[in-house]
Amino acid sequence: MSGKLQGVVRSFLDPRTYAQAFRLLHFASYSHVQPVRLLNRGANVSFAPNVSFRNGERITIGAGTHIGEHSIIWAGNTSGRITFGEKCLLAPHVTITASNYGTELGEFVMDQPKIERDITIGRDVWLGANTVVLAGVTIGDHVVVAAGAVVTKDVPALAIVGGVPARVIGWRGGVEPAAADSSETLATGSAPAGTGAGG
């Protein structure tokens, strides 16, 4: 018997292989299967089978929205809600969390109380690959968030944002809406030729 075949046989005979398979099944159950049953979702919502949800009873997904592979949608354990408008598009590896740890000195971060704040994402919003949206953020309708951006503040409707932290880098249609007041949300920067949102 070849060394490679012996290795395969050892793997199948090792009880740790089956223990790991059980752990993966358990993770899939509490990270996807169970919370999906609690989601409030409109018609024709779709998401990859490896999207991770937490506290599905506090997540509302508008009709026609798609959530890409390996995305993380975590509502708060007690109050923080996440709401998507209709026809949102999330690329792979998007993280949205309505809960953060405190950062006060004198106590380990992981031991501090969580701070939960609602997240609202409007209609027709495109979140590029590896976007992060933090607790308390409101994203207006028709927004594009470039790949890799970290959204820490509210985003006005029709804005194109990118960077860490995210800032306005352009506007859908090429012209800033007269009603938009980005001074109270994100600092406005120059508009590039493309956003590189990905997805």
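The values are calculated or read from the model by the stated rules, or taken from the named source; none is laboratory data. Everything quoted here is computed from the prediction, not taken from an experiment. Because the Cβ atoms are built from the backbone with ideal geometry, glycine has one as well, and the counts that use them run over all protein chains shown. All accessible areas refer to the heavy atoms of the entire protein, side chains included, with ligands and DNA or RNA removed. Shrake-Rupley method; radii C 1.70, N 1.55, O 1.52, S 1.80 Å.
Of all positions in the stretch 123-134, none carries a residue that is among the acidic types (Asp, Glu), over 18 Å from THR65 (Cα atoms), buried (at least 16 other Cβ atoms within 10 Å of the Cβ) and at pLDDT 95 or above. Would you call PHE84 of a type in the set (Phe, Trp, Tyr) and under 14 Å from the mean Cα position of the chain (by Cα)? Here the answer is yes, as PHE84 does meet what is asked. Condition check for ILE61 on (1) touching a Cys at 6+ places or on another chain (Cβ under 9 Å); (2) surrounded by fewer than 17 Cβ atoms within 10 Å (Cβ to Cβ): one failure, at (2). The combined condition, being hydrophobic (A, V, I, L, M, F, W, C) and under 13 Å from the mean Cα position of the chain (by Cα), is not fulfilled by ALA63.
In the stretch 35-47, which residue that is within 18 Å of THR97 (Cα to Cα) and not in a strand (DSSP E or B) is most open to solvent (accessible area, probe 1.4 Å)? If we take residues in the stretch 35-47 being within 18 Å of THR97 (Cα to Cα) and not in a strand (DSSP E or B), then LEU38 is most open to solvent (accessible area, probe 1.4 Å).
Just give me the residues in the stretch 64-84 being part of a loop (DSSP other than H, G, I, E, B), out of contact with any His (no Cβ under 9 Å at 6 or more places or on another chain) and open to solvent by less than 10 Å² (accessible area, probe 1.4 Å), in sequence order. Full working, then the answer.
The initial filter retains those residues of the stretch 64-84 that are part of a loop (DSSP other than H, G, I, E, B), namely 64-65, 68-71, 75-81.
Add one more test, that the residue is out of contact with any His (no Cβ under 9 Å at 6 or more places or on another chain), and what stays is 64-65, 75-81.
Passing the criteria: THR65, ALA75, GLY76, GLY80.
Would you check which residues across the stretch 85-102 are on the phi < 0 side of the Ramachandran plot, free of Cβ contacts under 8 Å to residues at least 60 places away in the same chain and either open to solvent by 10 Å² or more (accessible area, probe 1.4 Å) or assigned to a loop (DSSP other than H, G, I, E, B) (or both) and list them? Within the stretch 85-102, GLY85, GLU86, CYS88, VAL94, THR95, THR97, ALA98, SER99, ASN100, TYR101, GLY102 meet the criteria. Of all residues in the stretch 1-16, those being at pLDDT below 75 and in a helix (DSSP H, G or I) number 9. Pairing residues of the stretch 12-38 that are closer than 18 Å to ASN77 by Cβ with residues that are modelled with pLDDT under 85, at Cβ distances under 9 Å and at least 6 apart in sequence or on separate chains, gives no pairs at all.
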